[in-house]
Amino acid sequence: MNVFRLTGDLSHLAAIIILLLKIWKSRSCAGISGKSQILFAIVFTTRYLDLLTSFISIYNTSMKVIYIGCAYATVYLIYMKFRATYDGNHDSFRVEFLVVPVGGLAVLVNHDFSFLEILWTFSIYLESVAILPQLFMISKTGEAETITTHYLFCLGLYRALYLLNWIWRFYFESFFDMIAIVAGVVQTVLYCDFFYLYITKVLKGKKLSLPA
Amino acid sequence: SEEAKHKDEL
């Protein structure tokens, strides 16, 4: 555990909690892609199946349980409790175009051809693109609530901090995981355009809106 | 093992 890894995890946790609180307090999931949230629930479920097979630390177990619990709570709020506020017409990204290729890639490129390892690999690949329905929705409506942009910033920052963590681990522990690194770079790059808008607009007190 | 190592991360 190093400082980048810890702040990355906390940034991830902050993102998840910001989104849950935003929906809960406003009693609305307007502007939130339910599809992205379903993909994140799938990501956590397929990655953390090792909760059942191996114990690493109290920290590791509790974070995994919190991430999974929050992911399902978010999906529940969007599709059940506040379903009436869900903006399904604008959430029109075709997720099968992500899930199917990612599933194929996980079967072809992995560390070990075993059930849990392929699911872990699938979750890493899927996470790298799971935000696309949300970004697509924002590009379609041309705007995002400020609280939603804070969520996206924390979520993007988390993987960027993990990249620094992997550089650290490469130098100080001679450890690297090529699958996680390549997927993590892809994931971070997808946020770059958003990071630019966040810094130039939201941090200066303006609402994030895209030119028509 | 290397495989066990990456499982430490979230």
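Looking at the range A:172-179, can you tell me whether even one residue there is in contact with a Lys or Arg (Cβ under 6 Å, 6 or more places away or on another chain) and at pLDDT below 95?
Scanning the range A:172-179, I find at least one residue that is in contact with a Lys or Arg (Cβ under 6 Å, 6 or more places away or on another chain) and at pLDDT below 95, so the answer is yes.
Criterion applied to A:I56, A:I32, A:I23 was being surrounded by 14 or more Cβ atoms within 10 Å (Cβ to Cβ), of a type in the set (V, I, T) and within 11 Å of another protein chain (Cβ to nearest Cβ), and the one residue passing it is A:I56. For A:A15, indicate whether it is within 14 Å of another protein chain (Cβ to nearest Cβ) and in contact with a helix residue (DSSP H, G or I) (Cβ under 8 Å, 6 or more places away or on another chain). Criteria met by A:A15.
Filtered by the rule that a residue be hydrophobic (A, V, I, L, M, F, W, C) and within 13 Å of chain B (Cβ to nearest Cβ), the range A:35-53 gives A:F40, A:V43, A:F44, A:L49, A:L51, A:L52.
Does A:L108 satisfy the condition of being without any contact (Cβ under 8 Å) to a residue 24 or more places away in the chain and of a type in the set (A, V, I, L, M, F, W, C)?
Here the answer is yes, as A:L108 does meet what is asked.
So which residues in the range A:126-165 are over 20 Å from A:I18 (Cβ atoms) and under 11 Å from the mean Cα position of the chain (by Cα)? If the condition is that a residue be over 20 Å from A:I18 (Cβ atoms) and under 11 Å from the mean Cα position of the chain (by Cα), then A:L126, A:S128, A:V129 are the ones that fit. Only residues that are at pLDDT 95 or above and either assigned to a loop (DSSP other than H, G, I, E, B) or among the β-branched types (V, I, T) (or both) were counted in the range A:46-56, giving 1. Residues in the range A:109-146 that are more than 14 Å from chain B (Cβ to nearest Cβ) and either touching a Cys at 6+ places or on another chain (Cβ under 9 Å) or among the aliphatic types (A, V, I, L, M) (or both): A:V109, A:L126, A:V129, A:A130, A:I131, A:L132, A:L135, A:M137, A:I138, A:A144.
Which members of the range A:173-212 meet the condition of being within 19 Å of the chain's Cα centre (by Cα) and small (G, A, S)? A:A180, A:A183, A:G184, listed by residue number. Residue-level analysis places A:T61 among those that are assigned to a helix (DSSP H, G or I), of a type in the set (S, T, Y), touching a Leu at 6+ places or on another chain (Cβ under 9 Å) and under 18 Å from A:L13 (Cα atoms). Of all residues in the range A:174-212, those satisfying the criterion of being of a type in the set (D, E, K, R) and surrounded by 11 or more Cβ atoms within 10 Å (Cβ to Cβ) are A:D177, A:D193, A:K201, A:K206, A:K207. Residues in the range A:67-108 that are of a type in the set (V, I, T), surrounded by 15 or more Cβ atoms within 10 Å (Cβ to Cβ) and assigned to a helix (DSSP H, G or I): A:I68, A:T74, A:V75, A:I78, A:T85, A:V99, A:V102. Residues considered: A:T146, A:T121, A:T141. Of these, the only one that is more than 16 Å from A:R5 (Cβ to Cβ) and buried (at least 22 other Cβ atoms within 10 Å of the Cβ) is A:T121.
The values are calculated or read from the model by the stated rules, or taken from the named source; none is laboratory data. Keep in mind the model is a prediction, meaning the values are calculated, not measured. As a convention, Cβ positions derive from the backbone with ideal geometry for all residues, glycine included, and neighbour counts pool all protein chains shown.
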